[in-house]
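Single-structure report; data block below.
The values are calculated or read from the model by the stated rules, or taken from the named source; none is laboratory data. This one's a predicted model, so the numbers in the text were calculated from it and none came from an experiment. Backbone-built Cβ (ideal geometry, glycine too); neighbour counts: all protein chains shown. Ligands, DNA and RNA are excluded from the accessible area calculation, which covers all protein heavy atoms including side chains. Shrake-Rupley method; radii C 1.70, N 1.55, O 1.52, S 1.80 Å.
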Amino acid sequence: MATDDEFQTAKTRLETLGQKALTKEERARRRRALDTIGVPSFESYLETRGGKALIREPTTILQVNIGLYCNQACAHCHVESSPLRTTEVMDAATAQAVVRVLKNSSNVKTLDLTGGAPELHEQFRFLVREARALGVDVIDRCNLTVLYEEGQEDLPQFLAENKVKVVASLPCYSEANTDAQRGKGVFERSIAALRDLNAVGYGVEGSGLELDLMYNPGGAFLPPAQENLEVAYRSELRDTWGVEFSRLFTLTNMPIKRFADYLHREGKTSEYMSLLVENFNVAASVGVMCRDLISVSWDGTLYDCDFNQQLDMPVRDEKKTIFDLDSCDDLVGSRIVADNHCFGCTAGSGSSCSGATI
Ligand code: SF4
Ligand code: SF4
């Protein structure tokens with residue numbers, strides 16, 4: 001758990017970011033405002049551009065958001081996590097239901113654990129061990145600084161022993177840019193954490209331990225080409241900090257939650273939505289993650305993706321929670337819930353939890 005100091009820092013930071021001022025009604029009003037700035041319907045736009053309809057295919061990734069508690073409070077967090085979110089936490093019964101469904105879902109190859117900071121949640125290690133025992137790959141979406149939270153001293157060893165794939169957020173290789181987005185001192189601790197992960201084999205060629213980094217833009221612009229940015233990251237991190245990693249993923253900022261608030265404050269909502277629509281790429285739409293991923297929230301509700309989860313837009317299917325499912329294949333063929341934020345997944349080279357989609 002965060003110390004009193006960290007808690008106060010996050011609180012102040014959230015006040016600066018304006019989160020406290022937003023009521024549910026204000027948020028709803030902002031969402032409705034998006035409808036009046038001329039953003040076309042995503043589904044119609046996809047159809048007129050000859051895109052493949054958004055229909056669920058066999059699920060290969062089960063993504064579980066095990067709770068919103070996080071030791072950080074990043075400016076662009078699309079789930080609005082922070083040390084203040086202490087009550088939205090997955091319980092044991094829900095975690096057991098996830099494992100039951102996983103056992104019945106032979107097409108699912110990956111359990112993707114996210115949050116908040118997933119490692120700080122009670123069910124994290126249970127889910128990792130159960131999934132690995134079933135031969136399912138596990139992804140830990142790690143914010144790096146979590147390694148230095150109380151009780152996490154053995155985290156690198158635990159992850160390595162279970163061959164968990166680590167996907168770590170590092171929005172820039174510059175200290176100033178990273179700290180501006182994620183909080184003061186985050187870059188320094190992130191570099192230390194990357195070194196500690198390297199020390200147990202993560203990101204080291206031939207170790208079989210994958211350490212991927214996740215970049216997202218520091219403002220209202222699209223990410224640069226993933227391949228080129230990976231070269232720059234590798235050279236900066238290796239030469240300056242002696243850090244190794246496996247791959248770099250680029251992620252587009254979605255116009256939802258904290259980033260939507262930022263756009264609103266800066267008066268850039270319309271400009272950013274136009275940027276996403278103008279850069280719509282039908283090839284990128286083929287690989288959107290909702291086609292073969294199910295997202296489960298801390299309370300067991302099912303969504304087509306983590307973004308829909310944060311917008312409270314559950315699946316269309318009559319089976320609405322993990323408790324209703326026998327297998328992930330129960331949802332095959334159902335129509336995916338889409339809205340104007342979906343343009344964030346199809347702009348430029350596309351964007352998903354595994355980076356660019358083309
Ligand atoms: S570390 Fe991740 S989950 Fe936590 S506040 Fe930052 S972006 Fe959100
Ligand atoms: S936001 Fe979600 S539902 Fe929309 S295209 Fe992206 S992954 Fe699919």
Counting sequence-distant residues (5 or more places) and residues on other chains, those with an amide H built under 5 Å from that of C142 are V167, A168, S169
The distance between the Cα centres of the range 190-209 and the range 263-342, in whole Å, is 32
Measuring from its Cα centre, the chain shows a charge dipole (+1 at each Lys and Arg Cβ, -1 at each Asp and Glu Cβ) which, in debye to the nearest 20, is 720
Expressed as a percent, the accessible surface of the chain that is carbon or sulfur, using a 1.4 Å probe and the full set of protein chains, is 50
Total charge of the residues flanking E57 in space, meaning their Cβ is under 11 Å from its Cβ, with Lys and Arg +1 and Asp and Glu -1, is +1
Here the range 272-278 yields Karplus 3J(HN,Hα) values (6.51, -1.76, 1.60; θ = phi - 60°; whole Hz; Gly and Pro given as x) of 5, 4, 4, 4, 5, 5, 4
Phi-derived 3J(HN,Hα) across the range 136-152 with the Karplus relation (6.51, -1.76, 1.60, θ = phi - 60°), rounded Hz, x for Gly and Pro, is 8, 5, 10, 10, 10, 8, 9, 8, 6, 5, 4, 4, 9, 7, 4, x, 9
Dividing the mean separation of Cα pairs under 8 Å (6+ apart) by the residue count of the chain yields a relative contact order in percent of 22
Proximal lysine pairs in the chain, meaning Cα under 15 Å and 8 or more positions apart or interchain, come to 7
Length-normalised contact order of the range 97-190, Cα under 8 Å, at least 6 apart, in percent, tallies to 24
Averaged per residue, the 1.4 Å probe accessible area of the chain, protein heavy atoms only, in Å², is roughly 42
The set of residues whose placed amide H lies less than 5 Å from the amide H of S334, leaving out same-chain residues fewer than 5 positions away, is R56
Out of G348, H78, G300 - ranked by how far each Cα lies towards the positive end of the dipole of the chain, with unit charges on the beta-carbon of charged residues - the top one is G348
Quick calc of log₁₀ I(q)/I(0), the chain, Debye, one scatterer on every Cα, no solvent, q values 0.12 1/Å, result -0.88
Taking a ≥ b ≥ c as the square roots of the eigenvalues of the Cα gyration tensor, with a/c under 1.5 meaning rounded and otherwise prolate when a/b exceeds b/c and oblate if not, the range 234-295 is oblate
Among L276, G208, V136, the residue whose Cα sits farthest towards the positive end of the charge dipole of the range 4-346 (+1 at Cβ of Lys and Arg, -1 at Cβ of Asp and Glu, taken about the Cα centre) is L276
Among L222, G151, G67, the residue whose Cα sits farthest towards the positive end of the charge dipole of the chain, when +1 is placed on the Cβ of each Lys and Arg and -1 on the Cβ of each Asp and Glu, is L222
